[in-house]
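Taking it in order: structure first as structure tokens, then the write-up.
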Amino acid sequence: MIDSVDVPIIASHVPAYAHPGDAGADLVSTEALTLAPGERALVGTGVSIALPDGYVAFVVPRSGLAAKHGITIVNAPGTVDAGYRGEIKVSLLNTDATHGYDVAVGDRIAQLIVMPVSRARFIPVDELPASARGEGGFGSTGYQTGERA
């Protein structure tokens, strides 16, 4: 059984899961626009939610839009905190260098993922405990000289 949480919502189009087991519910555009090559725009969804404390929502790109048209989200994932009550907007970006992309009212433009979130207690220390990874950062796992990341 999948856990669920009740999320009060005001929406012109309530987000919906396309398939059983999907993590993201589709968000649709409430406005029509054309994204020129390389252009970004903040696009309304008409959705406002009231997440319970202890939850967060992430706005993530739709893989089909990214793969077929180069449309992604600038700040992916966009974070919707439990205390936010305004409209969820999506900062779309057209990464295609030559073709514009038309967004129509009702087009699925992003997905919304709702998750429980832990609140961290940050404890100042003089030294961190050792780990197998240590300070290895960007590209440090599996990268050999001459290999492509």
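The values are calculated or read from the model by the stated rules, or taken from the named source; none is laboratory data. Here the structure is a predicted model, which is why all the values come from computation and not from measurement. Because the Cβ atoms are built from the backbone with ideal geometry, glycine has one as well, and the counts that use them run over all protein chains shown.
To keep it simple, each residue is scored yes or no on (1) modelled with pLDDT of 95 or more; (2) β-branched (Val, Ile, Thr); (3) exposed (fewer than 13 other Cβ atoms within 10 Å of the Cβ).
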site: Ala66; (1), (2), (3): no, no, no
site: Ile73; (1), (2), (3): yes, yes, no
site: Thr79; (1), (2), (3): yes, yes, yes
site: Val90; (1), (2), (3): yes, yes, no
site: Asp96; (1), (2), (3): yes, no, no
site: Gly106; (1), (2), (3): yes, no, yes
Report task. Test each condition in (1) of a type outside the set (D, E, K, R); (2) free of Cβ contacts under 8 Å to residues at least 60 places away in the same chain; (3) closer than 26 Å to Arg119 by Cβ; (4) surrounded by fewer than 12 Cβ atoms within 10 Å (Cβ to Cβ) for Val59 and report the one that comes out false. Result -> (4)
Report task. Give the number of residues within region 1-19 that are in contact (Cβ under 8 Å) with a residue 40 or more places away in the chain, of a type in the set (A, V, I, L, M, F, W, C) and in a loop (DSSP other than H, G, I, E, B). Result -> 2
Report summary line: In region 92-113, anything in a strand (DSSP E or B), farther than 11 Å from Leu35 by Cα and out of contact with any Phe, Trp or Tyr (no Cβ under 6 Å at 6 or more places or on another chain) is listed as Arg108, Ile109, Ala110, Gln111, Leu112
Query - Residue that is surrounded by the fewest Cβ atoms within 10 Å (Cβ to Cβ) [pool: residues in region 1-30 that are among the acidic types (Asp, Glu) and more than 19 Å from the chain's Cα centre (by Cα)] - result: Asp3
**Report entry** Residue, nearest to Gln111 (Cα to Cα), within region 7-38, restricted to residues that are acidic (Asp, Glu) and in contact with a strand residue (DSSP E or B) (Cβ under 6 Å, 6 or more places away or on another chain)
**Finding:** Asp26
Requested in this report: Determine whether region 76-87 contains at least one residue that is charged (D, E, K, R) and out of contact with any strand residue (DSSP E or B) (no Cβ under 7 Å at 6 or more places or on another chain).
Outcome: no
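Condition check ((1) in contact with a helix residue (DSSP H, G or I) (Cβ under 7 Å, 6 or more places away or on another chain); (2) within 18 Å of Ala11 (Cβ to Cβ); (3) among the hydroxyl-bearing types (Ser, Thr, Tyr)) across all residues:
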site	(1), (2), (3)
Ala66	no, no, no
His69	no, no, no
Arg85	no, yes, no
Lys89	no, yes, no
Gly106	no, yes, no
Ala110	no, yes, no
Ile123	no, no, no
Ser131	no, no, yes
Phe138	no, no, no
Report task. Determine, yes or no, whether Ser131 is touching a residue at least 24 places away in the same chain (Cβ under 8 Å) and not charged (D, E, K, R). Result -> no
